[in-house]
Amino acid sequence: MILQALKSVASCLSEAGIPYMVIGGHAVLQYGLPRFTQAIDVTIALTPREADNVLNSIEGSFRVLPRDIEKFIRDTWVLPVEHHETGVRVDLIFSISAFEREAIEKAREITAEDMPIRYISPEDLIVQKIIAGRAVDLEDAKGILDMQGKGLTGD
C-alpha cells in the first residue's frame with residue numbers, strides 16, 4: 001500500500017514537472033533503518049502561492065484533507081492528502097528554505113518497481129534530522145550515519 005501511494009505521488013509530481021523529494025520516516029527506511037511510519041512526507045519545490053500547481057497535479061489520485069485548503073496551507077505550509085486507492089496519507093510540504101531547495105536538487109533517484117522515486121540524500125537527511133532535534137530524529141541521524149558510513153559524501 002505504501003509503495004503504491006509513493007509511486008502515485010512520484011508520478012503525479014514528475015508528470016507536472018514539480019521537483020520533490022521524499023523525506024521523513026520513508027527516507028530513513030530507504031537508508032537502512034527500520035522505522036514504522038504510515039504517512040509519507042514529501043517536500044516540493046513550490047511555495048504556497050503555487051498551490052494550484054500541486055492541486056492540479058494530484059487531482060484524481062489524491063483527496064485533499066483540509067476543508068479550508070488556502071488557510072491550512074498558509075498557516076502550516078503543508079498540504080495533507082490521502083491516496084484514493086490505498087487510503088495512505090501524504091503530507092506535501094512546501095519548501096521554505098534555500099537548504100530545502102538545494103536538497104531537492106541533490107535528491108537521489110531510487111527505482112522501486114520500475115518507478116523512479118526521488119529521496120532526500122542521506123547527507124541532507126542527517127542535517128535535517130539534527131536541525132529537527134527531537135530524540136527520535138537524533139537517533140535517526142546517528143543510525144543513518146552508522147548504516148551509510150563511508151558511502152556518505154561531504155555534499
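The values are calculated or read from the model by the stated rules, or taken from the named source; none is laboratory data. Please read these numbers as outputs of a predicted model, since none were measured by experiment. Here the Cβ positions follow ideal geometry from the backbone for every residue, glycine too, while neighbour counts run over all protein chains shown.
Give me a count of the residues in the range 86-99 that are under 14 Å from the mean Cα position of the chain (by Cα) and modelled with pLDDT of 95 or more.
Counting residues in the range 86-99 that are under 14 Å from the mean Cα position of the chain (by Cα) and modelled with pLDDT of 95 or more gives 7.
What are the pairs, 6+ residues apart or on separate chains, where a residue within the range 132-144 that is farther than 13 Å from residue 32 by Cα has its Cβ under 6 Å from a residue that is surrounded by 13 or more Cβ atoms within 10 Å (Cβ to Cβ) and at pLDDT 90 or above?
137/129
Pick from the range 110-131 the residues that are under 14 Å from the mean Cα position of the chain (by Cα) and part of a loop (DSSP other than H, G, I, E, B): which of them is surrounded by the most Cβ atoms within 10 Å (Cβ to Cβ)?
120
So if I check each of 73, 58, 2, which one is of a type in the set (A, V, I, L, M, F, W, C) and out of contact with any helix residue (DSSP H, G or I) (no Cβ under 6 Å at 6 or more places or on another chain)?
2
Looking at the range 71-109, which of its residues are assigned to a helix (DSSP H, G or I) and touching a residue at least 24 places away in the same chain (Cβ under 8 Å)?
73, 74, 99, 100, 101, 103, 104, 105, 106 - these are the residues of the range 71-109 that are assigned to a helix (DSSP H, G or I) and touching a residue at least 24 places away in the same chain (Cβ under 8 Å).
Being more than 24 Å from residue 152 (Cα to Cα), acidic (Asp, Glu) and either buried (at least 19 other Cβ atoms within 10 Å of the Cβ) or under 15 Å from the mean Cα position of the chain (by Cα) (or both) narrows it down to one residue among 15, 82; which is it?
So the residue among 15, 82 that is more than 24 Å from residue 152 (Cα to Cα), acidic (Asp, Glu) and either buried (at least 19 other Cβ atoms within 10 Å of the Cβ) or under 15 Å from the mean Cα position of the chain (by Cα) (or both) is 82.
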